[in-house]
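Structure first, commentary second.
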């Protein structure tokens, strides 16, 4: 068969790379292997010597056209995805080919829509003059005068756009045979999956029949349920990201809300959605032309373009245009909700208890109202929400629930706050279940549980007294540790505070000012581990510290992992990063500490609504389920083959597993997204300061 070249042109964000990738897979399935030429890929190799001046852009396209021509001449089908902004350049490309071997397809999409899809903030940077010669902003894009075919990627989703292109190619190149085949869905392809996340929800509350959580209990009786083992560490990030990827924290390279991203300095930064390098579960679902609604899921800010809707979760900035996708959705929230939509209650440790309680109820009311509106009005196949109010509730009121210090009037007044709140939340869950049809499988999960905690360990002060950490100046008052305060030429070890301790060693050749010889690394680390294990409290009793090495926890250790992970007193005590303190061991709820810390046991409940509504009584308790199991189990419910490399198992929900035998989901995000390959958009310095303060107030650092 003679070669063909299919040349996609359009603005950044119009969907060229996404559409050409999807088309390549379909052509291969039809027996027509294709070669993909992508503008970003060529600029990393063949065209890496070119910039973005007008002449360099023309040369970039000329070289791409010549490569396509060479491949065309030896019989290959070539899919070319290039902005190709000028009509003169497009005509020059077309002139290289015989008319029966070339088509130009214009992906038409308004600039405002392309700009709203931009997950990396390049349009915003261009508007500020930080990206020069950016097409559509500071460099022109001329609409094609006579393309062979035009697809409106604003009004057509990915599946519709592919079908339109396939139909056109059938007519334009009859020798390729039948390309477009309308799908007759199998029974399981109509199934929907809804995941309701309750942050920090513990088994002892959710599974206690006396608490009267009737809707959750109905799902348990008709389905499967049990404890869900959290990640190491058991905190919101990375636990929710593991739940939504099937990858453990080491594979993700995420060890907390704040991570070191480079060895060039010692600083930590707040991670965001662009720091998740592998597909989320909805990416894989959307590869199968299914639409998602995502609400409140941690580490989804800034909201990235995809085939569906997103309202970002903690940590997020509600006033940012990146809080939702599409960006216009943020304006709709005010119309859907009677009160301001909040990703989280701010300053929950410092505001009066009654005010906090009212705020938590208000936040839940608003979020669930918005969810009901979205589920009723928007098409969806996969829905996931995370309610963080349960975490804030327990950190604020756990002492009254556990009655650690009985007798106080304040405790008596708040004794039933936690059970009452869960009953209210269960009622809200029942309301959204009413919006779902029988073909929906419902999951209720938590990222970790809760346990009693009293006090903390001032780990950096301990390191200072051991002679392992030296400051430039001795602190005169208690203060948080800044990397700028550390005398790195005399420091062997430092730590990050939070719910657990991350211990970093200052290794020569690895760190900017390392002093530990690499040959001494393992012996030094083992000695430090022994010292941490033998740490003593104020009564000279050994504290039951659990000290772990990352390579013993994770299948892979990516990113910049701590050298040691420490759970002080089995997570019964927090890791406090302050220096200049009087006592290393802090008792009680001093300085914002509360009586609740995280427990490794969260919850898992799953049932098909058809079973629940038709009286099926499975009521099966599962043992040893983990966060890594959720993604493969969701994919199985859709009949999607589990990608290789996921360690989690498919949990039995009832009936047959619906795992297809087709090709596995491809890696990478879906949807008609920006096709520039640049660094992800993170927090600005101003946003970073706001989020860092919130995380500090919440006890995460």
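Coordinate-derived values only; no laboratory data. Every value quoted in this text rests on a predicted model; they were computed, and no experiment measured them. Neighbour counts run over all protein chains shown; Cβ positions are idealised from the backbone, glycine included.
Mind giving me the FRET efficiency for residue 95 and residue 262? R0 is 51 Å, r the Cβ-Cβ distance, nearest 0.05 is fine.
Working: r = 47 Å, r/R0 = 0.91.
Given R0 = 51 Å and the Cβ-Cβ separation, E is 0.65.
What distance in nm separates the two pseudo spin-label positions at residue 519 and residue 616, each 7 Å out from Cα along the beta-carbon direction?
6.4 nm
Taking 20 °C and 1.002 mPa s as the conditions, I'd like the Stokes-Einstein D for the stretch 456-593 in µm²/s, using the Kirkwood hydrodynamic radius from alpha carbon pairs.
On the way: Rh = 15.4 Å.
The calculation lands on 139 µm²/s.
Fewest Cβ neighbours within 10 Å first, please rank 228, 375 accordingly.
Going from sparsest to densest Cβ surroundings: 375, 228.
Please state the shape class of the stretch 549-633: rounded when a/c is under 1.5, otherwise prolate if a/b exceeds b/c and oblate if not, all from the C-alpha gyration tensor.
Numbers: a/c = 3.86, a/b = 1.86, b/c = 2.07.
It is oblate, given that a/c is not under 1.5 and a/b is not larger than b/c.
Suppose we look only past 25 Å in the calculated P(r) of the stretch 114-267. What percent of the Cα-Cα pairs does that tail hold?
67 percent
Using Cα pairs under 8 angstrom and six or more residues apart, how large is the relative contact order of the chain, in percent?
Across the chain, relative contact order equals 21 percent.
Once every DSSP H run of n ≥ 4 in the chain is given -39500 (n - 2.57) and the sum is divided by its residues, what mean residue ellipticity at 222 nm do you get, rounded to the nearest 500 deg cm²/dmol?
After summing the helix terms and dividing by the residues of the chain, the value is -9500 deg cm²/dmol.
Just how far, in whole angstrom, is the stretch 193-243 from the stretch 80-142 if you go by their alpha carbon centroids?
What the calculation gives is 46 Å, centre to centre.
Return the percentage of antiparallel bridges among DSSP beta bridges fully within the stretch 224-382, rounded to the nearest 5 %.
Percent antiparallel among DSSP bridges in the stretch 224-382 is about 45.
Quick one: angle between helix 158-172 and the longest Cα principal axis of the chain, in degrees between 0 and 90, rounded to 10, please.
Rounded to the nearest ten degrees, it is 20.
How do 600, 306 rank when sorted from fewest to most other Cβ atoms within 10 Å of their own Cβ?
Placing the least packed residue first, the sequence is 600, 306.
Please compute the contact order of the stretch 546-643 in relative form: average sequence separation of alpha-carbon pairs under 8 Å and at least six residues apart, divided by the residue count, as a percent.
Relative CO of the stretch 546-643 lands at 15 percent.
Determine the distance separating the Cα centre of the stretch 475-538 from the Cα centre of the stretch 547-625; give it in Å without decimals.
So the two Cα centres are separated by 23 Å.
Write down the percent of antiparallel bridges among all DSSP beta bridges whose residues are both part of the chain, to the nearest 5.
Working: 35 of 85 bridges.
Rounded to the nearest five, the antiparallel share is 40 percent.
Restricting to bridges with both residues inside the stretch 4-176, how much of the DSSP beta-bridge set is antiparallel, in percent to the nearest 5?
On the way: 0 of 20 bridges.
Here the antiparallel bridges make up roughly 0 percent for the stretch 4-176.
Provide the gained length on full extension for the span residue 452 to residue 112, in nm with one decimal, where the gain is 0.36 nm per separating residue minus the Cα-Cα distance.
Using 0.36 nm per residue and subtracting the Cα-Cα distance, I get 117.4 nm.
Nearest 10 degrees is fine. How inclined is helix 685-697 to the longest principal axis of the chain, computing both from alpha carbons?
Helix 685-697 sits at roughly 30 degrees to that axis.
For Cα pairs less than 8 Å apart in space and 6+ apart in sequence, what is the mean separation divided by the residue count of the stretch 4-176, i.e. the relative contact order in percent?
32 percent
What ranking, highest mean first, results for peptides 623-630, 359-366, 572-579 when packing means the other Cβ atoms within 10 Å averaged over each residue?
Ranked by mean Cβ neighbours within 10 Å, highest first: 572-579, 623-630, 359-366.
Taking the number of other C-beta atoms within 10 Å as the exposure measure, put 335, 458, 150 in order starting with the fewest.
Working: 335 9, 458 26, 150 15.
Ascending Cβ contact count within 10 Å gives the list 335, 150, 458.
With no solvent and one point on each alpha carbon, what is the Debye value of log10 I(q)/I(0) for the stretch 4-176 at q = 0.11, 0.13, 0.19 Å⁻¹?
Summing over Cα pairs of the stretch 4-176 leads to -0.44, -0.62, -1.37.
What distance in nm separates the two pseudo spin-label positions at residue 73 and residue 435, each 7 Å out from Cα along the beta-carbon direction?
Rounded to a tenth, the inter-label distance reads 5.9 nm.
Given (i) 170; (ii) 213; (iii) 228, which label gives volume of the Cα convex hull per residue in Å³ as computed from the coordinates?
Label of the calculated value: (i).
By how many degrees, 0 to 90 and rounded to 10, does the Cα axis of helix 54-73 deviate from the longest principal axis of the chain?
70 degrees
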